[in-house]
Every structure is written in C-alpha cells, then in structure tokens.
Amino acid sequence: MLTTDKLSCNILADLLVAHGVRHVVLSPGSRNAPLIVALSRRKELATQVVIDERSAGFIALGMTVQSGEPVAIVCTSGSALLNYAPAIAEAFYRCCPLIVISADRPQEWIDQDDSQTIWQQDALAPYVKRSCDLPAHTDFPNGEWVCNRLVNDLLLEALAGRKGPVHINIRIDAPLDRISDFDDGRSRVVRMVAPSVELPTAEARRIGENIASPRKVLIIVGFHEPDEKLNRALVKLARLPNVAVMTETIANLHSPLFVSRIDSTLCRMTETERIEMAPDVVITAGGALVSRFVKEWLRSLDTEVEHWHIGITHTTVDCFRHLALRVEMQPAVFLRQLASALQIHKASSDYAVRWHNLASKAAKLHEKYVDSVPWSDMSVFAYIIPHVPQRWNLHLSNGTPVRYAQLMDCSHIHRCDCNRGVSGIDGCTSTALGASSVYKDTTLLITGDMSCQYDIAALSSMIVTPRFKIIVICNGGGGIFRFISSTSSLPELDRYFAVGTRLPLRQLADGYGFSYHEASSAEELAQSFSEFIAVTDRPSILAVFTPAEESAAVLKQYFQPQ
C-alpha cells in the first residue's frame with residue numbers, strides 16, 4: 001500500500017491493528033502528518049478527528065470505557081501532548097488502556113529555539129504504565145527490530161494485569177510528506193498468554209472459615225464496568241445472613257439484595273446503629289468510592305475492623321486505615337470462590353436483615369422528603385432519574401450530579417459512568433461523547449453549568465450524533481461549593497468558588513445543531529423532558545434552571561435527622 005515513508009510509523013500502525021485497536025482519535029498537526037497518513041490509510045482503523053487535544057483525550061477515554069478495548073490518541077509535537085494529561089490521569093486511575101502517541105522532533109533540536117519543541121519523553125510518566133521513545137530513523141543496525149520490540153512491549157503492557165495508559169513518543173524527521181510502498185501486515189507481532197488466577201481450594205476454604213458467621217461482613221463496590229459474573233457472585237454472598245453488600249450507583253451492579261443507596265441509608269442511622277452495624281470485615285472492590293459517609297464512618301471506627309481490598313492494583317490502597325489483606329485477583333473470581341467457601345459455614349445472623357431494614361426505612365424517609373421539597377436540584381433529579389429510558393446509558397459529571405444520583409434508585413439504568421478516577425470536572429462532556437460514539441443506543445449526560453462550560457469544546461466535535469443528549473443543571477455555578485463545609489460559609493463563596501457562569505446554551509445549541517429545551521419549574525420539566533427524549537434526528541440539550549441557594553439548603557437539610 002502507498003503510505004508514509006517513515007518505517008516506524010508504519011510498524012506502529014501494523015501493531016495497533018494486530019493488538020486489537022479499532023478506534024483512533026487524531027488531532028491535526030504537521031509533525032504528526034506521517035502518523036496521520038499511516039493510520040488513516042488502514043481500513044481496519046476507524047479514525048476520528050478532534051482539534052482540541054484535551055477534549056480528544058477524554059473522547060478516547062469514553063470510547064475505551066464503553067468498548068472495553070484499547071483506543072489510540074495521536075497528537076503533534078510541543079504542548080499538544082500536555083493537553084492529554086487530565087484524560088491520561090483519569091485513565092490511569094480507572095484502569096483504561098489508552099495508547100498515547102505523540103510525534104516529536106529529533107532530540108538534537110530540543111531546547112534550540114526551534115518551534116514546537118519541548119521535552120516530551122516521560123512527560124506523562126506518573127500517569128502511564130510505561131513509555132518509550134522511538135528514534136527518528138530505523139536505518140541503523142537492529143533499528144527496525146528495536147522499534148518493533150518497543151511498540152509490542154508497550155501495547156502488551158497496556159492490556160496486561162491492571163490495564164492502563166501507555167505513551168509512545170515517536171521522533172520524526174523532515175521531510176514529512178514523502179510517500180512510499182509498504183507491505184502492511186508484515187510486522188512481527190508478540191503475543192502474551194496470562195493464565196487466569198484462582199485461589200487454591202484449601203486457601204479459599206481457610207478464608208471462608210475465617211469470616212464465617214457470627215462475623216459480620218460488609219462488601220462495598222465502587223465504580224466498575226457492568227460484570228455479570230461479579231453480580232452473580234455478589235448475589236450469592238448477599239444471600240448469606242452475616243453478609244451485607246453495598247453498591248454505588250456507578251458500580252453497575254444490581255439486585256434487590258444489595259443496599260444501593262449508601263448515603264441515604266448511612267445518614268439516617270443513629271449513633272447507636274453506627275456502632276452496632278460496624279463490620280468485623282469490610283471487603284472492597286472496584287474504584288474509589290463516591291460516598292464520603294461510608295468512608296468517614298469506617299475511618300471513625302475504633303473497633304477491630306479488617307479491611308480486604310480485592311482487585312489488580314498498582315499500590316496498597318488503605319482508604320479506611322484498617323487494611324489487613326490485599327488480594328491481587330479479579331473481584332469476580334475471588335468473590336465467587338469466597339461465596340462457595342462460605343456456604344458450608346452458613347449460620348444464624350441478623351446482620352444482613354438489619355441492613356435491609358435500615359435501607360428500607362431510609363428509602364421511605366427519602367420519598368417523604370423529596371415529595372415535600374420545593375423546586376430545586378433535588379426535585380429535578382428525583383424526576384429525571386426514574387424517567388431515564390431503558391437501554392440509555394447515563395454519564396454523570398463530577399460535583400453535584402453524581403452525588404444526587406447516589407441518593408436515587410438507579411437500578412433500572414442500563415449503565416452509569418462518571419470520571420471518578422481523579423474526580424475532575426474537566427472532560428465530563430467529552431468522555432460521555434466518546435462513549436456515545438461507540439454505543440449504538442442513546443447516551444445521556446447530566447452535567448452542571450460549570451462542568452459544561454469547562455468542556456464546551458466537546459460540542460463542536462464532528463463525532464456528535466443524534467444519540468447524544470445533555471441535561472445541564474443551571475444552578476448558578478458550582479453547586480457543590482454551596483453544600484460542602486469547606487466553602488459553603490466563606491464570604492468568598494460566590495465570587496471565587498460557586499462562580500456563576502456565562503453559558504448561552506440556547507445560542508450554543510443553535511450554533512452546533514442541537515435541539516434546545518429548557519425548564520424552570522416542575523410542570524415545565526415534565527413537558528420539556530418528554531420533548532427532549534423524543535428528538536431522534538439530532539442531538540439535544542435540556543437546560544434546567546434551579547435556584548442556587550435553595551438547592552444547597554434542600555440538600556443540606558436532606559442529611560439532617562428527620
């Protein structure tokens with residue numbers, strides 16, 4: 001095939017295809033022109049062009065979150081690479097295999113006042129599993145071999161063990177526009193076999209005996225992709241009388257046997273109940289927890305609590321300060337084995353029943369409170385969440401949206417995601433947009449006006465389709481700052497924290513081809529939401545205007561004793 005004459009670029013394209021990459025997000029540039037030529041001419045790769053590298057990084061993140069496959073992002077030299085950093089940090093802490101590819105100048109021109117030259121190698125070092133620096137030329141002894149070996153190594157690393165991003169920095173010398181013939185598909189491919197890991201039966205039985213009734217076991221799952229095998233294992237465990245299972249909204253695990261509204265339940269417990277319900281063993285899986293209530297509660301316990309963390313991790317995670325056991329296994333496998341080992345020790349206990357009684361009581365108080373509140377963020381989420389159509393995927397921005405969703409019954413949601421690896425507001429829209437580009441049904445993003453403004457470049461992307469819908473909660477800026485104790489009482493709140501936005505959503509919708517809807521009351525929301533979800537010929541924006549101070553007051557009151 002006719003393609004760039006840069007052999008390293010063609011080897012890279014060959015190996016991306018061979019290692020299962022199907023989607024590539026490209027950002028325009030001159031130094032990366034040979035890369036763009038090499039990748040765009042491969043029919044096996046679906047390429048998308050996104051001008052803003054920060055948005056491009058998050059769009060690729062959304063693609064890999066939704067597809068579960070590695071996705072490549074490609075930028076030119078200079079500061080372009082640094083714009084990837086927020087998305088790469090999020091990918092690292094969410095275990096997402098992004099393949100970062102940056103074009104670079106020959107090393108002799110760095111720091112020589114040549115344009116777009118910075119030190120790019122290792123620029124993302126804290127947030128990638130591994131990086132490599134490919135030379136500008138391969139016409140030296142073993143040049144082609146070393147290029148092939150390095151690329152194979154990094155692509156294997158992205159998918160091995162704890163998945164994560166890797167960085168390939170490729171130096172490209174001028175001229176950049178030469179074309180030559182390349183026999184695609186001939187590059188050597190290195191494969192890797194990683195045997196599945198299970199506990200020896202005797203060890204599983206020993207662990208099961210160690211936490212059998214009457215010991216109280218609490219299992220908590222943070223953010224996680226949908227996993228039917230894990231769901232089945234947790235259901236089996238939740239049927240044991242001494243085991244309670246808590247799942248967060250973005251854990252994507254559902255059963256009537258699970259306590260799924262953690263914050264609502266914990267905030268209704270008395271101090272006596274908090275002490276009595278303290279577990280002997282708390283087992284965590286998945287990513288970082290949204291719930292500050294469960295973290296503060298478990299950290300405050302003076303009793304002897306053993307914390308076991310299950311999963312392939314990059315470090316020792318001791319979030320509750322009670323860590324006793326780190327299990328480097330897939331949670332679905334370990335918990336399946338644990339459930340089987342515990343069956344023979346099944347004995348009388350009221351621990352699970354008491355948790356379900358507390359959750360049931362909290363759900364009734366929740367409904368009573370929500371029915372009584374005025375027009376506010378709380379009443380908006382209480383209406384929207386139950387009305388999300390089946391098969392729609394839900395993305396939540398950071399700040400208040402993910403916290404409100406934690407309070408609602410989201411068991412009917414097909415899939416729910418949020419950027420909780422780093423928990424930043426940057427890139428929420430782009431991530432949801434990237435996910436929507438590979439999901440065949442509708443993707444709904446619920447975001448705040450501050451988060452939406454932060455990532456406004458996403459709306460201009462050419463990959464926006466009618467399957468992408470956005471609800472923007474326009475509550476006068478960062479609503480979370482009016483709620484959290486560290487900022488809510490400061491005199492600088494409005495000017496420096498909540499910071500009202502200038503977000504002309506109607507004009508933006510018109511300019512970018514979105515249908516526009518808005519609501520400022522419960523009656524308008526019911527009408528506008530119905531129209532919003534019915535639009536199928538173009539993407540849609542629904543702006544919901546709520547009072548800032550009243551919304552914060554309603555949320556604060558929610559967590560007060562009732």
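The values are calculated or read from the model by the stated rules, or taken from the named source; none is laboratory data. Worth saying up front: this structure is predicted, and the values here are computed from it rather than measured. Positions of Cβ are generated from backbone atoms using ideal geometry, with glycine treated the same way; all protein chains shown enter the neighbour counts.
Table for the structure above
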| item | result |
| --- | --- |
| Residue check, A123 at pLDDT below 85, under 29 Å from A18 (Cα atoms) and either in the same structural domain as L15 (by TED's automatic domain parsing) or under 35 Å from the mean Cα position of the chain (by Cα) (or both) | no |
| Search result, residues across region 5-26 that are out of contact with any Ser or Thr (no Cβ under 7 Å at 6 or more places or on another chain) and within 26 Å of S115 (Cα to Cα) | K6, C9, L12, V25 |
| Of all residues in region 416-444 being among the charged types (D, E, K, R) and within 19 Å of L289 (Cβ to Cβ), the one that is surrounded by the most Cβ atoms within 10 Å (Cβ to Cβ) | D417 |
| Any hit, region 275-294, residues being assigned to a strand (DSSP E or B), closer than 22 Å to A362 by Cα and not basic (K, R) | yes |
| Cβ-Cβ under 9 Å pairs, at least 6 apart or on other chains, region 173-195 side of a type in the set (V, I, T), far side assigned to a loop (DSSP other than H, G, I, E, B) | I179/D5; V189/H19 |
| Filter pass, T272 being in contact with a strand residue (DSSP E or B) (Cβ under 9 Å, 6 or more places away or on another chain) and part of a helix (DSSP H, G or I) | no |
| Helices (runs of 4 or more DSSP H) contained entirely in region 1-112, each with at least 2 residues that are hydroxyl-bearing (S, T, Y) | 53-67 |
| Complete set of residues in region 290-318 that are farther than 21 Å from R268 by Cα and surrounded by 17 or more Cβ atoms within 10 Å (Cβ to Cβ) | V305, E306, H307, W308, H309, I310, G311 |
| Where S55 falls short, out of the listed (1) over 27 Å from the mean Cα position of the chain (by Cα); (2) surrounded by 24 or more Cβ atoms within 10 Å (Cβ to Cβ) | (1) |
| Qualifying positions in region 324-354 - among the hydroxyl-bearing types (S, T, Y) and not in a helix (DSSP H, G or I) | S348, S349 |
| Members of region 523-545 that are buried (at least 21 other Cβ atoms within 10 Å of the Cβ) and out of contact with any Lys or Arg (no Cβ under 9 Å at 6 or more places or on another chain) | L525, V544 |
| Verdict on L98 being closer than 27 Å to T4 by Cα, without any contact (Cβ under 8 Å) to a residue 60 or more places away in the chain and of a type in the set (A, V, I, L, M) | no |
| Single match in F293, F320 (criterion: among the aromatic types (F, W, Y) and within 28 Å of A204 (Cα to Cα)) | F320 |
